[in-house]
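Visitor: Below: one structure in structure tokens.
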Amino acid sequence: MNGIDAIVFDLGNVLLAFDETRAVKRLAARTGKTPQQIDEYARGTSHVTELALGKVTKQRFFHTVARDLAFDGAYGEFALIWSEIFTPIEPMIALAESLKNRLPRLILSNTNAIHMDYVFEHYQFLQDFDAHVLSHEVGLLKPDPAIYRHALRTSGLTASRTVFIDDISANAEAARQAGMQAIHFQTSDQARAELTKLGVSPI
């Protein structure tokens, strides 16, 4: 494959778009708080980061947030509100599918257990990837260099022969600093063109 051994995809806003305002509005309606209050809570609390790092369980997170926001529903309702924010980016999914069985495909994502329960159930193509390096499972968050090293080491990949695609420029730059090829994702056409330049073609 012209010097490229594997492709590593970010999840959010690369394979699945997400709109957190959906969850904010639904939680606001469900708790009697304003969307601004919900948004300020989510951005100001450490609980979201702790969940993303796997430092708290999804049940502990739910009970804490439900208490803080006066949410009186069950975990299942909360999990749906929290997670029904994703929509597929079809051209990128098609691109990833075109690479299946041609070279390893990994997902490297800052995420959490609640979201991953949902997306694995609703977007089952994600289960076909060769490996999943998820922040809440490895206790690391991008752009920490350690999460890239972990992905490379556990998958037996050589950094310079691995391409990483992420919509956040700092995350793409951190991958470059780790020795990887990196694409700062903006559009599916741009990602496809850059992969082609790297020799991952035809796709």
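Visitor: Report the one residue of Phe71, Val14, Met92 whose Cα lies farthest in the direction of the positive end of the charge dipole of region 1-113 (charges on C-beta: Lys and Arg +1, Asp and Glu -1; origin at the Cα centre).
Guide: Sorting the options by dipole projection puts first Phe71.
Visitor: Taking H as built 1.01 Å from N, whose amide H comes closer than 5 Å to the amide H of Leu16, not counting residues under 5 places away?
Guide: Amide H neighbours of Leu16, under 5 Å, 5+ apart: Ile89.
Visitor: Next up: Accessible area of the chain with a 1.4 Å probe: how many percent of it is carbon plus sulfur?
Guide: 49 percent
Visitor: So with the 1.4 Å probe, I'd like the accessible area per residue for the chain, rounded to whole Å².
Guide: 47 Å²
Visitor: Here's something else I'd like to know. Would you grab the residues whose amide H sits under 5 Å from the one on Phe164? Only those 5+ places off in sequence or on another chain, please, with H modelled 1.01 Å from N.
Guide: HN-HN under 5 Å from Phe164: Val8, Gln181, Ala182, Ile183.
Visitor: Which net charge results when you count Lys and Arg as +1 and Asp and Glu as -1 among the other residues whose beta-carbon is under 12 Å from that of Gly12?
Guide: -4
Visitor: How long are the three semi-axes of the equivalent ellipsoid of the chain, in whole Å, if each is the root of 5 times an eigenvalue of the C-alpha gyration tensor, listed from largest down?
Guide: Working through the eigenvalues yields semi-axes of 33, 17, 14 Å.
Visitor: Given a Förster distance of 35 angstrom, what is the FRET efficiency for Ala94 paired with Ala70, based on the Cβ-Cβ distance and rounded to 0.05?
Guide: 0.20
Visitor: Lysine pairs, Cα distance under 28 Å, 8 or more residues apart or cross-chain: how many in region 1-138?
Guide: So the count works out to 5.
Visitor: Something else: Could you tell me the calculated FRET efficiency between Ser188 and Arg153, based on Cβ-Cβ distance and R0 = 35 angstrom, to the nearest 0.05?
Guide: In this case the efficiency is close to 0.75.
Visitor: Tyr123: accessible area at probe 1.4 Å, nearest 10 Å²?
Guide: 40 Å²
The values are calculated or read from the model by the stated rules, or taken from the named source; none is laboratory data. Keep in mind the model is a prediction, meaning the values are calculated, not measured. Don't worry about glycine lacking a Cβ; one is built from the backbone with ideal geometry, like all the others, and counts go over all protein chains shown. Each accessible area value is taken on the protein alone, full model and side chains, heavy atoms only, with ligands, DNA and RNA left out. Shrake-Rupley method; radii C 1.70, N 1.55, O 1.52, S 1.80 Å.
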